[in-house]
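Asks: Can you read through this structure? Questions will come right after.
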Amino acid sequence: MLMLPRLSAAASGLWVVIYWGTVIVKAVRLSRKIGKDPNVLPREKTGRSLRFIWTPAIIAWCILPWISAIRGFAPVWWLRAFWPMTAETQWLGVVAALLGLAALILTFICWRQMGRSWRIGIDPGEKTELVILGAYRIVRHPIYALSIILMLCTLVTVPTILMLLIAIIHITLITLEALREEQYLRHIHGTPYAEYCLRTGRFIPRVSRTHLRDLA
């Protein structure tokens, strides 16, 4: 049995469990500080509906790497790797696992920068402080961007059709959530947020002509 791919899958599985376990702990702690849950169950219909798709996908994301680590990439369709396990792809999995760890560490930093404004859903009647410092000076949704990176790293370490399906669901929903949050924040914060959006990219840093002149 190939041990390196299984170790990479186990590492990714550990990062994902730590990630979502921390989300649960943060939600509980923050709810005690602010007197309400941080929108674990969103206060608007669309957000609640999306949870019925997103929650099973996240659970599968947490479980699938461990199944691959324990059983290996078996012949059954949902455990079969969609690329050959050559030396190159095995080491690619190791790199992906390390990159996933970096994404997890950076996410912890972003969570800290959010402070009491951290939420995991939208409450149309709530106005939190607009956070535009730290990582938020670079992109509008650094936590979401890092979550996408962590998902892609998991996919590289667990290259199966089922994991690919979970990745498509997660990345699609997280992009939709970012768009919905931006609409909400424009409504709540108005011009300051609109101007902030002009300066920063959604998931990828925006390079303006001014930045290019500074680099020249």
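Asks: Using the structure shown, decide if ILE58 is crowded, with 16+ Cβ neighbours inside 10 Å and in contact (Cβ under 8 Å) with a residue 60 or more places away in the chain.
Replies: The answer is yes for ILE58.
Asks: Kindly indicate which of LEU14, LEU4 is under 19 Å from VAL156 (Cβ atoms), surrounded by fewer than 16 Cβ atoms within 10 Å (Cβ to Cβ) and out of contact with any strand residue (DSSP E or B) (no Cβ under 9 Å at 6 or more places or on another chain).
Replies: Of LEU14, LEU4, the one residue that is under 19 Å from VAL156 (Cβ atoms), surrounded by fewer than 16 Cβ atoms within 10 Å (Cβ to Cβ) and out of contact with any strand residue (DSSP E or B) (no Cβ under 9 Å at 6 or more places or on another chain) is LEU4.
Asks: Taking the residues in region 21-49 that are assigned to a helix (DSSP H, G or I) and small (Gly, Ala, Ser) as candidates, determine which candidate is nearest to ILE148 (Cα to Cα).
Replies: Here the answer is GLY21.
Asks: Can you say whether LEU130 is touching a Pro at 6+ places or on another chain (Cβ under 8 Å), over 30 Å from TRP77 (Cα atoms) and surrounded by 12 or more Cβ atoms within 10 Å (Cβ to Cβ), as far as the supplied structure shows?
Replies: Details: touching a Pro at 6+ places or on another chain (Cβ under 8 Å): yes; over 30 Å from TRP77 (Cα atoms): yes; surrounded by 12 or more Cβ atoms within 10 Å (Cβ to Cβ): yes.
When the stated conditions are applied, LEU130 passes them.
Asks: Working only within region 8-52, note down all residues that are within 30 Å of GLN90 (Cα to Cα) and not hydrophobic (A, V, I, L, M, F, W, C).
Replies: Answer for region 8-52, where residues must be within 30 Å of GLN90 (Cα to Cα) and not hydrophobic (A, V, I, L, M, F, W, C): SER8, SER12, GLY13, TYR19, GLY21, THR22.
Asks: Are there any helices (runs of 4 or more DSSP H) wholly within region 119-216 with 1 or more residues that are under 19 Å from TRP54 (Cα atoms), and if so which?
Replies: Fully inside region 119-216 and qualifying: 142-157, 161-189.
Asks: A follow-up question, please. Only one of (1) in a helix (DSSP H, G or I); (2) loosely packed, with under 13 Cβ neighbours inside 10 Å; (3) touching a helix residue (DSSP H, G or I) at 6+ places or on another chain (Cβ under 9 Å) fails for PHE52. Which number is that?
Replies: Only one criterion in (1) in a helix (DSSP H, G or I); (2) loosely packed, with under 13 Cβ neighbours inside 10 Å; (3) touching a helix residue (DSSP H, G or I) at 6+ places or on another chain (Cβ under 9 Å) is unmet by PHE52, namely (3).
Readers should treat all values here as calculations from the given coordinates under stated rules, not as data from a laboratory. This is a predicted model, so every value here is computed, not measured. Positions of Cβ are generated from backbone atoms using ideal geometry, with glycine treated the same way; all protein chains shown enter the neighbour counts.
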